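**Student:** Structure incoming, see below.
Read-outs: derived from the displayed coordinates by stated rules, not from any lab. Values in this document were obtained by computation on a predicted structure and should not be read as measured data. Positions of Cβ are backbone-derived with ideal geometry, glycine not excepted, and every protein chain shown enters the neighbour counts.
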Amino acid sequence: MSQPYVPEPDDNRRESLGQLLGEVTRDISTLFRQEVELAKAELSTSAKKAGKGAGMFGGAGVAGLLALVFLSVALWWGLGFLTGLVWSAIIVAVIWGIIAAVLALRGKKEMQEIQGAPQTVETLKEVPEAFKTSEDQR
C-alpha cells in the first residue's frame, strides 16, 4: 500500500507566525496611514470650500447692511417731506430701535431654551457604573 503524497515543506515558503503578524501589522499600519491622508485631503478641500462660503456670506451681510442703510436714508428723506428732516430721522431711529429690541428679546428667549446635551450628560453619568464589578456595588 502506498503512502499518501505529502509535499515536502519548502523552507523558503514557510513563514513564522511572528513574520505573518508583522506583515499584517505593517499592512494595517499602511492602510491606516493612507486613510488618515485621505481624510486630511478631504477635510482640507471641505475647509477651503467652507471658507469661501463663509466669505460669501460675510460679503452678503455687508451688502445687506448697506442696503438697509440706504433704504433707511431714503425713508428718512421721504418722511422729511411730510414731517421735516429732524422728525423723520427720529421716526426712522425709533423704528430701528423697536426692531433691535424685538430681535434682542427673541434672541434672549432662544438662548434660555438651550439645553446643551442632556442625553450625553445622562449617559456619561452611567459610564462609571458600567465599570463597577459586582463586588464594588455591594
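**Student:** Just want the ordering: Ser88, Ser16, Ser72, from fewest to most Cβ atoms lying within 10 Å of their own Cβ. Please report the intermediate quantities before stating the final value.
**Tutor:** Details: Ser88 18, Ser16 8, Ser72 15.
In increasing order of surrounding Cβ atoms, one gets Ser16, Ser72, Ser88.
**Student:** Once you place label points 7 Å from the Cα toward the Cβ at Glu126 and Ala50, how far apart are they in nm?
**Tutor:** Reported label-point gap for Glu126 and Ala50 is 3.0 nm.
**Student:** Starting from the Cα of Leu31, step 7 Å along the direction of its Cβ; do the same at Phe57; then give the gap between the two resulting points in nm.
**Tutor:** 3.8 nm
**Student:** Kindly provide the pair-distance distribution of the range 17-115 built from C-alpha pairs, with 10 Å bins from 0 and whole-percent values in order of increasing distance.
**Tutor:** 12, 17, 19, 16, 12, 9, 7, 5, 3, 0
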